[in-house]
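The structure appears below as structure tokens.
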Amino acid sequence: MSEKISRVGVIGAGQMGAGIAEVCARAHADVLVYETTRELAAAGRSRILRSLDRGVSSGKLTEREREQASARLRFTTDLGDFADRQMVCEAVIEDESIKTEIFEQLDKVVTDPNAVLASNTSSIPIMKLGMATANADRVIGMHFFNPVPVLPLVELVTTLMTSPEVTTRAEQFARDILGKEVVRSADRSGFVVNALLVPYLLSAIRMVESGFATVEDIDKAMVLGCAHPMGPLKLSDLVGLDTVKAIADKMYEEFKEPLYAPPPVLLRMVEAGRLGKKSGHGFYKYESAKAGVKN
Ligand code: 3HC
């Protein structure tokens with residue numbers, strides 16, 4: 001019987017990693033966050049503190065809870081510090097070679113044989129990450145949604161090799177400790193949500209590209225006509241256009257479905273550094289561009 005998870009590691013403190021670290025710290029876990037440089041670690045800490053402040057100003061957190069959550073967060077630039085972690089969630093950019101290298105290293109460092117080595121990848125088959133390790137039974141997909149403190153879902157993705165113990169541990173952590181709802185998905189690029197969402201986002205981008213309708217009207221149509229909280233172009237900006245492209249590339253690689261291929265306008269925007277909200281410019285312009293351009 002494995003102990004209850006209380007020591008968590010998060011790899012990457014960008015948009016998703018910071019959100020995951022925040023919800024873990026708010027759920028009373030001791031959280032160690034890895035970034036490649038001290039500057040990126042500092043930017044990650046500020047991102048989390050801003051979000052905790054937002055929690056206080058919207059009445060969801062008391063000032064004491066914010067201080068306690070903040071005290072549970074530590075940062076490092078050394079993966080070697082993750083030896084005692086019971087669960088690690090990787091949330092770096094959507095790049096297979098970077099992720100496989102991290103899994104290879106993590107597997108050597110984390111000592112608990114039942115530790116959960118999870119990836120927040122949106123589209124890379126988890127088996128590929130598992131096979132970078134010598135213990136693929138510890139590797140699982142735990143896919144969170146942006147903004148992580150707000151959206152209640154985690155997709156749990158097991159591979160042919162994930163052990164039942166690790167699956168149960170990951171599911172209990174997401175559900176009972178973080179208070180998230182869990183759905184299961186087969187290990188197919190895009191899992192459930194992105195397999196449905198990304199073709200929709202790409203269709204909206206193709207509509208803009210062909211002059212079918214304006215950015216504003218497409219978004220307005222889906223917000224007012226279908227009661228979506230935001231339209232597909234604003235949502236693409238929120239997810240990050242580089243991330244939308246990376247997911248589309250992976251889904252296309254897996255299924256060879258032409259509708260999954262990123263349209264040229266998306267490629268050009270990413271090449272131009274127009275990555276959406278995080279870079280200050282995507283389909284919309286944003287006044288307060290956040291520091292850094294990591295996912
Ligand atoms: N951190 C913490 N809380 C936040 C937050 C953040 N980053 N962003 C918003 N919130 C909270 C606000 O405090 C507010 O709380 P309240 O209602 O208690 O006051 C609530 O969320 C609503 O926020 P706002 O009033 O500022 O703004 P909106 O009502 O416009 O909601 C939104 C913003 C939550 C982003 C909403 O538009 C939304 O849910 N959009 C859809 C997002 C979505 O689809 N995400 C999934 C993307 S796909 C993905 O992540 C997978 C990946 O693999 C690509």
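What the table below lists for this structure:
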read-out: Among (1) touching a residue at least 24 places away in the same chain (Cβ under 8 Å); (2) crowded, with 16+ Cβ neighbours inside 10 Å; (3) of a type outside the set (A, V, I, L, M) - the single one R66 does not satisfy; value: (1)
read-out: All helices (runs of 4 or more DSSP H) inside the range 15-126 with 2 or more residues being more than 14 Å from the chain's Cα centre (by Cα) and under 22 Å from L153 (Cα atoms); value: 15-26, 38-57
read-out: Boolean, Y260 is open to solvent by 70 Å² or more (accessible area, probe 1.4 Å), within 16 Å of the ligand (Cβ to nearest atom) and within 14 Å of N194 (Cβ to Cβ); value: no
read-out: Conditions (1) in contact with a Phe, Trp or Tyr (Cβ under 9 Å, 6 or more places away or on another chain); (2) without any contact (Cβ under 8 Å) to a residue 24 or more places away in the chain; (3) within 17 Å of L202 (Cα to Cα): number failed by G280; value: (3)
read-out: Tally, over the range 190-211, of residues that are within 14 Å of the ligand (Cβ to nearest atom), part of a helix (DSSP H, G or I) and of a type outside the set (A, V, I, L, M); value: 3
read-out: Any hit, the range 4-22, residues being surrounded by fewer than 16 Cβ atoms within 10 Å (Cβ to Cβ) and either of a type in the set (D, E, K, R) or within 14 Å of A71 (Cα to Cα) (or both); value: yes
read-out: Conditions (1) without any contact (Cβ under 8 Å) to a residue 40 or more places away in the chain; (2) in contact with a helix residue (DSSP H, G or I) (Cβ under 7 Å, 6 or more places away or on another chain); (3) farther than 20 Å from L178 by Cβ; number of the one not met by E35; value: (1)
read-out: Of residues in the range 13-59 being touching a strand residue (DSSP E or B) at 6+ places or on another chain (Cβ under 7 Å) and among the small types (G, A, S), the one farthest from V148 (Cα to Cα); value: A41
read-out: Selection status of E22, away from the ligand (no atom under 16 Å from the Cβ) and of a type in the set (D, E, K, R); value: no
read-out: Some residue of the range 258-266 being in contact with a Phe, Trp or Tyr (Cβ under 6 Å, 6 or more places away or on another chain) and touching a residue at least 60 places away in the same chain (Cβ under 8 Å); value: yes
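The values are calculated or read from the model by the stated rules, or taken from the named source; none is laboratory data. All of these numbers come straight from a predicted model, not from anything done at the bench. Note: ideal-geometry Cβ built from the backbone for every residue, glycine included; neighbour counts use all protein chains shown. In case anyone asks, the SASA skips ligands and DNA or RNA and just uses the protein heavy atoms, side chains included. Shrake-Rupley method; radii C 1.70, N 1.55, O 1.52, S 1.80 Å.
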